[in-house]
Amino acid sequence: MKFYHKKEELTGFYGSTFFKDNYDIKSDFMVIYGLNDTTEERLKSWKNQGYSVHLMVGISWGDYSDYLNGKFDNIKHWDSSQTDRDGKMILHSPDVPYIVPTMSFTQYLTQKLYKIIDLGVSSIFFEEPEFWASSGYSPAFKQEWEIFYHESWQPPHLNVNTQYKASKLKAFLFKRCLDFICSSLKSYAKSIYNIDLKCYIATHSLLNYSHWGIISPISMFMDVGSIDGFVARIWSGTARTPNIFKGIRKERTFLTAMLEYGIMQELTAKSTREMWFMHDPVEDNPSLDWSDYSENYLQTVTASLFHPDVYKYIICPLPERIFEGKYPLKTNKPAMPIPAVYKSTLLSVFNQLRDMKQTNCEWEGNPVIGVFMSDSAMFQRNYPDCEYYRMAYGDMIDSFSYFYGLCMPFLQAGIPCRPLQLENVSRFGEYLNNYKIVILSYEFLKPYKMEIHYALLDYVLKGGIIVYVGDDSDPFKDVDEWWNSGSVKYSSPADHLFDVFKLSKRIKSFKEKIAKYSNRLNRPFSEGIFSVGKGFCAVFPENPSLCAYEETFGDFLKKLVYIAADRKDIVFRENKAFIFNRGPYKIISVPNESADAETLRLSGRYINLFDIKYEVEKIVLIDPGQNALLYDLSKKTDIKFEIIATCARVDEIKAVENGVEFFAKAPADVCCSLCAFVIFDADVVINGENVPVIRNESENIIVFSFDGCPSGTHIEILKKTKKK
């Protein structure tokens, strides 16, 4: 385990209460959550413990009663609440509505945050800029429509065009709001205190917002210079949202989390923006028990580790509700405090996450398939009542099956997929360099601008493979956008893409030919694969949601990808597990829904880091549906001493005459374990007393336990004194 300076801020947490030893998890930094009368004192209580303290504040909801009730500018602003078509306010909690981010609200929040900078805060995290797709009916939003579009407001549910326009406006309003606030606060901090204030957006993933029907300008924020980075707020509460595969709707926490973390890595890929991945050891649902929390937490942690470009983590939101909370609540079961083993495991994982900044990272087996996502996927989550497509495909729409249909057939076969940010294709020239094959559909998203198609053409001309899936049945293809508003109009963005690829006539002929098949899947795969420069474009003219509902469609998509890839000598082999090597760490997950799913047997010399016994295992068995984080001793560097894993934080190791010494910090009521590599026969002395040690002589590994101490446990590992 490497040691990094706390200034790198590799791990952090946010909490809403005052400092307390019980839930001080010894992270690099701490974020005070919430803006109220106690914020200043809460900041001081953590700062007095040596923490670099930041602030997290809600941007779409919060304790803004002074604004709503007119104390800010003598005008009541309840008309700025997000409102649905029935005139009902959309509430985050009783008396706390989601806000339309008007300029009035933007100026109010800016004024309020100046006082926070006066307290010495150097970073502000803006939480969840969210506009519900079902909103768009409040007086404030109607006024913003008239200003933005220079026309009278139109009900979003009127037709697909008004729905799309409403969604674009919602994204713009939050982009404008955050740009103004962040720019103003940065200027204030620099001019008054000479502080380079950092501003971050804490947001759910693009995938989750699209699935849940929420609109946020996630990719647009990449064009706002005053925003320094993001926190990907992903946890079991988002990842356990059910999706459909082979017609079966169920929770698929690991696979969904893998996709969620993937799209957030790709948001900042090729940029200098920072990204933290968040995990949550519990979740917002208090009626679940600790075994449920533990299982799903470890699935999300494992899923996040498959994306090596991100190595910073918000390891724990609201530790007070974890370490002092009792669950389940609101059930007939007794509410219990966190089990001791889970508490120790959490602290062990927290510390291990500080060592994920690794350079040697690689998948075992297949290359990663890229599947495009876009902010515009959030823009077409509501369909007008009278729209036939909504009536025909309602369940597919609600379960966001068009996207999952493109991913799940591969993921369930052990082939890694990662969502790609479509906007980045034209934003960064080398964005697709690491991807040999990508999948695109315009049935659930639309390209912001035509330049994206020319960037995709360049990718294919140089040897890339693009697989297009879609039948142009999505009514949002008819919205007033660039592909149908120029001198040359196209019936859909896909038509423009094929025209740019110079494939329009060939694809038209291909579609006419396969339409004659009695079974449209009973055709040669080669009929849908076209050469473009050094690469290929494969076309599957079907609604991608069918690949989630019907196994035959998912299998056809897989085979089409395999055959297209084979033309570039790219071979895909269906695996029984995902295995990713990240420095000395081996991250593993075994899918459990394929017909031949079976237990993975791994031979080697490993330490299971999800088990605080830290035993050396030569045979590791991982059952379908299970995950593992292993330390591979065969990849360990040859040094005299190294802490491999521990439940307590160690910042510095000092060499002494006959060994090493250090301090290990952890909450007082935690049983801590420590696993170390030591090449000499060692005694362990804790606070001046020898303690029992478990030794693995062949691997030079020792493991011992001690009680946590917030101020630090003094530990010495010393060469045994030879007896005369």
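The values are calculated or read from the model by the stated rules, or taken from the named source; none is laboratory data. All values derive from a computational prediction rather than experimental measurement. Cβ sites come from the backbone with ideal geometry, for glycine too, and all protein chains shown count toward neighbours.
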Q: Starting from residues that are of a type in the set (S, T, N, Q) and surrounded by 14 or more Cβ atoms within 10 Å (Cβ to Cβ), keep the ones in region 486-519 and report whichever is farthest from VAL532 (Cα to Cα).
A: SER492
Q. Only one of these conditions is not met by GLY62: (1) within 30 Å of ILE147 (Cα to Cα); (2) modelled with pLDDT of 95 or more; (3) within 29 Å of the chain's Cα centre (by Cα). Which number is it?
A. (2)
Q) Based on what the data block shows, is ALA171 surrounded by 22 or more Cβ atoms within 10 Å (Cβ to Cβ) and either in contact with a strand residue (DSSP E or B) (Cβ under 8 Å, 6 or more places away or on another chain) or in a loop (DSSP other than H, G, I, E, B) (or both)? A) yes
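Okay, residues lined up against (1) of a type in the set (A, V, I, L, M, F, W, C); (2) within 24 Å of the chain's Cα centre (by Cα); (3) outside the structural domain of ARG381 (by TED's automatic domain parsing):
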site	(1), (2), (3)
SER45	no, no, yes
GLY50	no, no, yes
TRP78	yes, no, yes
PRO101	no, no, yes
TYR114	no, no, yes
SER123	no, yes, yes
PHE126	yes, yes, yes
ALA140	yes, no, yes
Q. Condition test on ARG233, is it surrounded by fewer than 23 Cβ atoms within 10 Å (Cβ to Cβ), of a type outside the set (S, T, N, Q) and out of contact with any Cys (no Cβ under 8 Å at 6 or more places or on another chain)?
A. no
**Q.** Residues of region 664-692 classified as free of Cβ contacts under 8 Å to residues at least 12 places away in the same chain and either touching an Asp or Glu at 6+ places or on another chain (Cβ under 9 Å) or closer than 22 Å to PHE3 by Cα (or both), total
**A.** 1
**Q.** helices (runs of 4 or more DSSP H) lying entirely in region 39-118 (those with 2 or more residues that are in contact with a helix residue (DSSP H, G or I) (Cβ under 8 Å, 6 or more places away or on another chain))
**A.** 65-68, 103-118
Q.
Against the definition (at pLDDT 95 or above, surrounded by 23 or more Cβ atoms within 10 Å (Cβ to Cβ) and either over 21 Å from ILE314 (Cβ atoms) or aliphatic (A, V, I, L, M) (or both)), how does LEU207 come out, yes or no?
A. yes
(Q) Here are the criteria: (1) farther than 17 Å from PHE540 by Cα; (2) under 28 Å from the mean Cα position of the chain (by Cα); (3) aliphatic (A, V, I, L, M). Tell me which single one LEU461 does not satisfy. (A) (2)
Q: Answer yes or no: is there a residue in region 254-263 that is within 30 Å of LYS558 (Cα to Cα), surrounded by fewer than 23 Cβ atoms within 10 Å (Cβ to Cβ) and among the small types (Gly, Ala, Ser).
A: no
Q.
If I filter region 520-529 for residues that are of a type in the set (A, V, I, L, M, F, W, C), at pLDDT 95 or above and surrounded by 20 or more Cβ atoms within 10 Å (Cβ to Cβ), do I get at least one hit?
A. no
Q: Find the residue count for region 666-685, including only residues that are buried (at least 18 other Cβ atoms within 10 Å of the Cβ) and part of a strand (DSSP E or B).
A: 9
Q. Considering region 687-704 alone, what residues qualify as being touching a Ser or Thr at 6+ places or on another chain (Cβ under 7 Å) and of a type in the set (Val, Ile, Thr)?
A. VAL703
Q. Scanning for something under 29 Å from LEU305 (Cβ atoms) and either assigned by TED's automatic domain parsing to the domain that holds PHE19 or not in a strand (DSSP E or B) (or both), does region 651-662 turn up at least one residue?
A. yes
**Q.** From the options SER210, SER187, residue that is among the small types (Gly, Ala, Ser) and in contact with a helix residue (DSSP H, G or I) (Cβ under 8 Å, 6 or more places away or on another chain)
**A.** SER210
Q | Residue that is nearest to GLU451 (Cα to Cα) [pool: residues in region 500-529 that are more than 39 Å from the chain's Cα centre (by Cα) and of a type in the set (S, T, N, Q)] | A | SER509
